[in-house]
1. For a label point 7 Å from the Cα of ARG11 along Cα→C-beta, name the residues of segment 216-239 whose backbone N is under 16 Å from it.
2. Carbon and sulfur together cover what percent of the accessible area of segment 32-91 at a 1.4 Å probe radius?
3. I'd like to know which of ASN119, ILE132, LEU104 lies farthest towards the positive end of the charge dipole of segment 60-143, counting +1 on Cβ of Lys and Arg and -1 on Cβ of Asp and Glu.
4. Under a Cβ-only charge scheme (Lys and Arg +1, Asp and Glu -1), can you give me the dipole magnitude of the chain about the Cα centre, in debye to the nearest 20?
5. For segment 8-145, what proportion of DSSP beta bridges, expressed in % and rounded to the nearest 5, is antiparallel?
6. Ignoring ligands, DNA and RNA, please state the percent of accessible area on segment 114-158 from carbon and sulfur, probe 1.4 Å.
7. Helix-only estimate, please: 222 nm mean residue ellipticity of the chain, summing -39500 (n - 2.57) across DSSP H runs of length 4 or more and dividing by its residues, to the nearest 500.
8. So if each residue of separation counts as 0.36 nm, and I subtract the Cα-Cα distance between ASN128 and ASN58, what length gain in nm does that give?
Amino acid sequence: MLDKALIQKLRESKSIVVFTGAGISAESGVPTFRDAQTGLWANFKAEELATRAAFRKNPKMVWEWYAMRRAMILDVKPNAGHYAIAEMEKRRDVLLVTQNVDSLHSVAGSKSVLELHGNIFRTKCFMNNEIIDSWSDEEIPPRCPNCGSHLRPDVVWFGEDLSDGAISKTEEAIDRCDIFITIGTSGLVYPAAELPFYARKAGAFTIEINTEPTPFSDYASCSLRGKSGEILPQFLSAM
Ligand code: BJW
């Protein structure tokens, strides 16, 4: 049950920035990153998979890890949390900023989506970052048809910059919003982890939804402990 003050805030809101992490897709069956038992990195170190150095050292292993994840995501559906955010967009001015690369927000119908860490279903050239749509599968990883370098997923690895202007565009939306909702992110990866703190400083009413406490929990205007697929539909009812 949401408390009366929160319901009032949601009802009065006009402009909302929603910020999501792996937790929102957990109820669809997509493993999060940092769960010690079932997380995507349970059997690897992040730096062995999600860096340029890792890809240079073992391109086949990294490519196959992403291929496995793509196949797994194609097998799942958005959950009630994704759908609630898509519906929210029909009722309020919403910018959805996601760290997720799984496309599930778009599949659920969200239109205004900013993907901070890229998209696992896009592929680009390792050398010059050009987006590539078709290639020959004779080799793993496949080669760029233009320059012969390896192809890689168009996601943001550690040590790489986020796409041009992604953070400043988010901050501009935060400056205009009255509510900022952070959902299902551990808040350990920068610069994305700074966004909830930026929102708090900018004067937005900040709401956190997470099954576990995070470094932001004590700073949020309202920190809710629970599953996003259960809490977000209640937000819609409140609106
Ligand atoms: C639920 C739930 C349910 C579960 N309902 N909740 C400042 C200080 C220190 C270090 C740095 C810094 N600035 C930059 C850095 C370096 C680095 C960094 O942050 N390192 C940290 C590890 C310390 N950052 C970078 O390198 C970034 N680039 C950059 O800063 O460029 C400038 C630069 C260049 C050169 C040198 C230095 C700076 C890039 C970061 C890219 C992150 N990429 C990844 C991989 C994407 C590709 C892929 O998918 O493979 O993005 S890492 C991974 O973590 C992925 C995620 O988007 C990201 C965040 O994870 P998320 O979403 O929070 O998931 P989890 O698993 O951590 O948490 C899930 C949460 O859900 C938990 O809290 C659960 O409780 C909760 N939950 N079920 C609600 N049902």
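1. Inside the label zone: 234-239.
2. Within segment 32-91, the accessible surface is 53 percent carbon and sulfur.
3. Going by the charge dipole, the pick is LEU104.
4. Roughly 260 debye for the chain.
5. 10
6. Heavy-atom surface of segment 114-158 belonging to carbon and sulfur, 1.4 Å probe: 47 percent.
7. Values: 10 runs with 86 residues, N = 239.
Helix contribution divided over all residues of the chain: -10000 deg cm²/dmol.
8. Extending this stretch completely gives an extra 23.3 nm.
The values are calculated or read from the model by the stated rules, or taken from the named source; none is laboratory data. Here the structure is a predicted model, which means the values were calculated and not measured. Note: ideal-geometry Cβ built from the backbone for every residue, glycine included; neighbour counts use all protein chains shown. Surface areas here come from the heavy atoms of the whole protein model, side chains and all, with no ligands, DNA or RNA. Shrake-Rupley method; radii C 1.70, N 1.55, O 1.52, S 1.80 Å.
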